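Have a look at the structure below, then the notes.
The values are calculated or read from the model by the stated rules, or taken from the named source; none is laboratory data. Since we're looking at a predicted model, the values are computed, not measured. Please note: Cβ atoms are built from the backbone with ideal geometry, for glycine as well, and neighbour counts cover all protein chains shown. Just the protein is used for accessible areas: all its heavy atoms, side chains included, with ligands, DNA and RNA removed. Shrake-Rupley method; radii C 1.70, N 1.55, O 1.52, S 1.80 Å.
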Amino acid sequence: MLLAFSVAPSGTPAGGSRPHDASVHDAVAAAVKIVRDSGLPHQTDSMFTTIEGDWDEVFDVVKRATEAVGQFGSRVSLVIKADIRPGYTGELSAKVERLEKALSDGS
């Protein structure tokens, strides 16, 4: 399974720290640290983090990342998109490699 997710806090965190700071980079960093520490294949870009693994391990990481982000606000927004293809591994890079091959073959 490939699972892309984006998680962000909103609202004021408990204690009211930094109420005028609209940046979410500290919260995103907390989530990405959990992904990296998981040992699962992953890739982070400017909008999403994609993780590869089986259903239970991937959703465990997403849950823990979401909980970490929850410390930065009173609410959390979570967006998930998954590609569930049993029997396939290495698709984090293989899908892009097939795309690049198709583009080079067609030019």
(Q) Using only alpha-carbon positions, what ratio does the radius of gyration of the chain give when scaled by 2.2 N^0.38 Å? (A) 1.25
Q.
Run the reach check for Lys63 against lysines, Cα to Cα strictly under 28 Å, same-chain hits fewer than 8 apart removed. What comes back?
A. Lys33, Lys81, Lys95
Q) Equivalent-ellipsoid semi-axes (√(5λ), Cα gyration tensor) for segment 42-96, whole Å, largest first? A) 24, 13, 8
Q. Using mean Cβ contacts within 10 Å as the protection proxy, how do 58-70, 82-94, 27-39 order, highest first?
A. 58-70, 27-39, 82-94
Q: Using the heavy atoms of the protein chains and a 1.4 angstrom probe, tell me the accessible area per residue for the chain in square angstrom.
A: 66 Å²
Q: Would you mind calculating the relative contact order of the chain from Cα pairs under 8 angstrom and at least 6 residues apart, reporting the percent as a whole number?
A: 44 percent
Q: Can you send over the carbon and sulfur percentage of the accessible area for the chain, probe radius 1.4 Å, protein chains only?
A: 55 percent
Q | Geometric extent, Cα atoms of segment 25-72 - Rg, Dmax (angstrom) | A | 10.0, 28
